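Presented below is the structure to which this report refers.
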Amino acid sequence: MKFISLLGATGSIGTQTLDVIRDHPDLFRLVAFSVGKNIDLARKIIQEFNPELVSVELKDDYETLKNEFGHSIQFTYGQAGLIDVAVYKKSTLLVNAVLGSVGLLPTLQAIQAEKTVALANKETLVTAGHLVMELAKRYRVDVLPIDSEHSAIFQCLQGEQMSEIKRLIITASGGSFRDLTRDQLQNVTVKDALNHPNWSMGAKITIDSATMMNKGLEVIEAHWLFNLPYEHIDTVLHRESIIHSMVEFQDSSVKAQLGTPDMRIPIQYALCYPNRVPLSNTKSLDLTEIGQLHFQKMDQERYVCLKLAYEAGKIGGSMPTVLNAANEAAVAAFLNEKISFLQIDQLIEKALERHNVIKHPDLESIKAIDSETREYVNSLI
């Protein structure tokens, strides 16, 4: 039995993690979870899974739930609440499915508490990959990827020697605007951008998919997870989202992980690792039904955010922190219809150009840079 702490239980990854736990009550028990402001769904999760600890974002919601459920469940809130869930004494595995850089500190604390970390929060590694992986090595803690692309690479590497890797090939669907030129993106709307052709994801990640920043963040994440230089991490446009990523080895053979676009598959793999168990209510992959798979070279002039991510990653230090913070601020502004779609990468580029890089930033420096970058981007809007 694995005892699960779940950060971000009401988001897309969080609810699908609950599906996996629900499907295997003999293997998993949810002992602690966090939510943001979706208190109605939090109540349902409490009633179904009977956890021991629940964290919410706001103090008022904390008081409300505490009064409703009495003393049978422990409640907490805010950033401290996220950490409480991450390090809960009974949990053995943390699923970090929160959105944004708020997921960094709970991850670091969970590693120090010697919890296995199943990571769906890209920003943790993008903003502070050097701190996270150094700490994981020191405490001998596994950091298991949940993103479908990194899970695919991780699965392809089972039984292989890391020294024999030639390159990683990360696939991208192309997002909602993959058939449009940059000129045709001038007047696209938020509604247009949120119409992803393959995956069901949250709003922020769907926008990141449309700009290709999602893939850029994944490149940086792969650099830290698999300890490879950026020159050995490629991206390719793959419309069907059937091949989730590939690994090429020194002998030029390539291994790929294929599957239907169902995030419960990589979630369950991380939770069950190193074992595999049946997954209910999922469709088996039928390549004869699909017929063809398509691939295109990634155009970094078309997808400027991907180019900026590679550049920031190669510079390293505090630059990826700026990249992530600027992107979060710009995407939020677009979702609130304060800027146009093409202004997203323009604002990110301005933030990167003005930043003086710190080569080995500590946690306090990262937090300060993150905050200052957001303020700067918002001042331009």
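We did not get these values from a lab; they are worked out from the coordinates using the rules stated. None of these values were measured; they are calculated from a predicted model. Note that each Cβ is placed from the backbone with ideal geometry, even for glycine, and that neighbours are counted across all protein chains shown.
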Binned at 10 Å starting from 0, the alpha-carbon pair-distance distribution of the stretch 254-334 in whole percents comes out as 13, 25, 28, 30, 5
Using R₀ = 25 Å, calculate the FRET efficiency as 1/(1 + (r/R₀)^6) where r is the Cβ-Cβ separation of residue 58 and residue 203; round to 0.05. 0.80
Can you pull the one-decimal nm distance between simple spin-label points at residue 276 and residue 166, each 7 Å off the Cα toward Cβ? 2.5 nm
Which order do the peptides 176-182, 288-294 come out in when sorted by mean C-beta neighbours inside 10 angstrom, highest first? 176-182, 288-294
Work out how much length residue 253 to residue 40 would gain on full extension: take 0.36 nm times their residue separation and subtract the Cα-Cα distance, in nm to one decimal. 71.7 nm
Cut-off 20 Å, label point 7 angstrom out along Cα-to-Cβ of residue 315: give me the residues of the stretch 120-156 whose amide nitrogen falls inside. 123-131
Measuring from the lowest to the highest alpha carbon on each principal axis, how far does the stretch 200-295 reach, largest first, in angstroms? 38, 38, 32
So, relative contact order of the chain in percent, Cα under 8 Å, 6 or more apart, is 15 percent
Kirkwood hydrodynamic radius of the stretch 28-124 from all distinct Cα pairs, in Å? 13.4 Å
Let me have the relative contact order for the stretch 256-381, percent, based on Cα pairs under 8 Å that are six or more residues apart. 24 percent
Per residue, how big is the convex hull of the stretch 79-192 when only Cα atoms are used? Give it in Å³. 158 Å³
At q = 0.07 Å⁻¹, the log10 of I(q)/I(0) for the chain from a Debye sum over equal Cα scatterers comes to -0.30
Descending packing, highest mean Cβ count within 10 Å first, for 58-71, 114-127 is 114-127, 58-71
Restricting to DSSP H runs of at least four residues, report the calculated mean residue ellipticity at 222 nm for the chain, -39500 (n - 2.57) per run over all residues, nearest 500 deg cm²/dmol. -14000 deg cm²/dmol
Under 8 Å for C-alpha pairs, at least 6 residues apart: give me the relative contact order for the stretch 60-115, rounded to a whole percent. 33 percent
Based on a Kirkwood Rh over C-alpha pairs, give the Stokes-Einstein translational diffusion coefficient of the stretch 245-381 at 4 °C and viscosity 1.567 mPa s in µm²/s. 70 µm²/s
Which of 366, 315, 146 ends up with the largest GNM mean-square fluctuation for the chain, with Cα atoms connected below 10 Å? 315
Only sites in a loop by DSSP and with at most 13 other Cβ atoms within 10 Å count here; which trypsin sites (Lys or Arg not before Pro) in the stretch 283-381 make the cut? 283, 338, 359
